[in-house]
Amino acid sequence: MPALLVVRRGLSRYASWPVLFLVGALHLASCSVPAFLSSADSGYRSTTDIEREVFERINDYRRSQGLPPLAHSDRLAEVARRHSADMAAGHVPFGHTGFHERAAGLDGYRSISENVAFNNYPDTGSAQRAVEGWISSPEHHKSIVGAYEVTGIGVARGPRGRIFYTQLFAAI
């Protein structure tokens, strides 16, 4: 890489090898991160931030419908993240494959429902589009406004810019 050669050449005359090593390590560390991950202006957001946005949007919608907000469940979120990651990696097809097994592993709940989605919108609009899609779908909407008390959301990135969403709803 030309930048690395320039840096090394410039430092080799004036710096001792520990400084050269440190600068080289810092440079390599910055090179190992894709540009879209290191740019604050790129719109890249962590999956945790996207999950939080979905959680807030769903609860804002429930409030607008006169319903109480859902509490967050780490346990449900862990299961939802695993399913989103499996879909993103192609281990399971997009959809509800394995839902009954996931639900059976979540004992202690009276009922459980699941919404899934994926899109390839930029990070800044992806969660909004997923939630809007669920709200406009009668079957998904039933889960959003259902008699549930807790929810867990899992988001995973897949190939070609796709973002996969799983939201579990549960009644205690």
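Just checking: which of the helices (runs of 4 or more DSSP H) contained wholly in the stretch 80-172 hold 2 or more residues that are open to solvent by less than 50 Å² (accessible area, probe 1.4 Å) and without any contact (Cβ under 8 Å) to a residue 24 or more places away in the chain?
99-104, 123-136
Considering the stretch 49-66 alone, what residues qualify as being in contact (Cβ under 8 Å) with a residue 24 or more places away in the chain and either open to solvent by less than 50 Å² (accessible area, probe 1.4 Å) or not in a loop (DSSP other than H, G, I, E, B) (or both)?
Let us first name the residues in the stretch 49-66 that are in contact (Cβ under 8 Å) with a residue 24 or more places away in the chain, namely 50-51, 53-55, 57-58, 61-62, 65.
Within the stretch 49-66, ILE50, GLU51, GLU53, VAL54, PHE55, ARG57, ILE58, TYR61, ARG62 qualify.
Taking the stretch 97-137 as the region of interest, how many residues are among the polar types (S, T, N, Q), touching a Lys or Arg at 6+ places or on another chain (Cβ under 9 Å) and closer than 15 Å to ILE50 by Cβ?
5
Taking PRO69, is it closer than 22 Å to ARG160 by Cβ and either within 19 Å of the chain's Cα centre (by Cα) or surrounded by 14 or more Cβ atoms within 10 Å (Cβ to Cβ) (or both)?
no
Can you tell me which residue in the stretch 102-130 is farthest from SER84 (Cα to Cα), limited to those that are among the acidic types (Asp, Glu) and modelled with pLDDT under 95?
Only one residue fits best here, namely ASP107.
Looking at the stretch 130-149, is at least one residue within 13 Å of the chain's Cα centre (by Cα) and on the phi < 0 side of the Ramachandran plot? Even if it seems obvious, please write down each step before you answer.
Going through the stretch 130-149, the residues within 13 Å of the chain's Cα centre (by Cα) turn out to be 130.
Now drop any that are not on the phi < 0 side of the Ramachandran plot, which leaves 130.
Yes: one or more hits.
The values are calculated or read from the model by the stated rules, or taken from the named source; none is laboratory data. Just so it is clear, the model here is predicted, and its values are computed rather than measured. Please note: Cβ atoms are built from the backbone with ideal geometry, for glycine as well, and neighbour counts cover all protein chains shown. Calculation scope for accessible area: heavy atoms of the full protein, side chains included, ligands and nucleic acids excluded. Shrake-Rupley method; radii C 1.70, N 1.55, O 1.52, S 1.80 Å.
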